[in-house]
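The values are calculated or read from the model by the stated rules, or taken from the named source; none is laboratory data. Owing to the predicted nature of the structure, the values given are computational and were not obtained by experimental measurement. A quick note on method: Cβ atoms are made from the backbone with ideal geometry, for glycine too, and the neighbour counts reach across all protein chains shown.
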Amino acid sequence: MRKLFILSLALALPAGAYASGAGTTAAPFLKAAMSPRAVAMGGAFGALANDSGAVFVNPAGLAQFEEQEVAVDFSTYLQDAKMGNLSYAGRVGGNRFGFGATFMTVGGLEKRGLNDNVGAVTGLGEFSASDIAVTFSYAKPDIMPASLPKLDGGFSVKFIRSAIDDESAFAAAVDAGAIYHATPKLNLSLAIQNLGTKMKFEEESDPLPVNLRAGGLYKASPELNVVAEVSEYFQDEKIYPSLGAEYWFRKAFALRGGYKFGYDTANLGTEVGLSLGFGVKVSGLGVDYAFLPFGDLGSIHRFGFWMQF
């Protein structure tokens, strides 16, 4: 169980998630389902979201670009856990469609039995845990042209499965989001994620991590994007702000950085919350990388590849 505990820390439940009164949620991996580009900017991606990674943070972002795109990424997490995402965005007429899949696995978990007559806990081998979510998204630009022009909207339907050893649980959920292009340089966004059924293992049922995200994008120049976002996980009963930036050199190489507030820095280290990364794109092909330090627990590396056509 030690691996599961450390993995929960890595999945970014800030200090408030462990505070008195905070709830327990199922499928915590949904909180970490983002592209390396989004992660490198502190997760403040809802108002930018102009690639296929929008399916993981704000489906309305799919309406912001015309190309088809497929992307894949993978992460090395703590305690040998593995995580990956697959995303696709395409266009039919004036509508945008997206697909996303997220998986997470951790193996080598020690299984223990009950105490025997002398108080020893017998070992019963090892087991594994895994999670997967499949997402289908739809977006439309300018959804209210008469009353509120320049407002893009979108929604997603997702199906989630979690398994621990030989037990499994299922859930379904929806996301909904909007992006308002207030000026040529300013976007405002609002999205709600993971509204759905509870997940039940045997007799225990827990809700999904419902998240409300409000953010903004300021295009300081054609090369520089500055983003900010505030997220609230309702069961955690706390708000988590984040800031990020992305600077493009000759539209081919990007440097990214961000910071997410709210982590338990007293126990995890002062650098926790920081994120750094870069991106390279050439002729419709791209590579992204993100780095997240977690103090004594180690570091997280996320790599991604994408293609537009």
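Some points to look at:
- Of all residues in region 204-225, those that are without any contact (Cβ under 8 Å) to a residue 24 or more places away in the chain and within 19 Å of G177 (Cα to Cα) have Cβ atoms under 9 Å from Cβ atoms of residues that are surrounded by 15 or more Cβ atoms within 10 Å (Cβ to Cβ) and β-branched (V, I, T), 6 or more apart or on another chain, in L212/I192; L212/V230.
- Hits in region 211-259 (condition: acidic (D, E) and more than 12 Å from F45 (Cα to Cα)): E223, E232, D236, E237
- Residues in region 32-76 that are among the aromatic types (F, W, Y) and either in contact with a Cys (Cβ under 6 Å, 6 or more places away or on another chain) or crowded, with 24+ Cβ neighbours inside 10 Å (or both) were compared, and the one that is nearest to Q193 (Cα to Cα) is F56.
- Scanning region 20-42 for residues that are part of a loop (DSSP other than H, G, I, E, B), among the small types (G, A, S) and at pLDDT 95 or above yields a count of 2.
- Residue within region 107-119 that is at pLDDT 85 or above, part of a strand (DSSP E or B), of a type in the set (G, A, S) and within 23 Å of A26 (Cβ to Cβ) present: no
- Looking only at region 252-309, and only at residues there that are of a type in the set (F, W, Y) and not in a strand (DSSP E or B), the one that is surrounded by the most Cβ atoms within 10 Å (Cβ to Cβ): Y263
- Complete set of residues in region 223-240 that are assigned to a strand (DSSP E or B), of a type outside the set (S, T, Y) and touching a Ser or Thr at 6+ places or on another chain (Cβ under 6 Å): E229
- Residue within region 197-209 that is under 20 Å from the mean Cα position of the chain (by Cα) and outside any loop (DSSP other than H, G, I, E, B) present: yes
- Residue that is modelled with the highest pLDDT, among those in region 86-106 that are polar (S, T, N, Q) and closer than 13 Å to P59 by Cβ: S87
- Region 210-222, residues that are in a strand (DSSP E or B) and more than 19 Å from the chain's Cα centre (by Cα): Y218, K219
- Hits in region 212-242 - residues which are modelled with pLDDT of 95 or more and touching a helix residue (DSSP H, G or I) at 6+ places or on another chain (Cβ under 8 Å): L212
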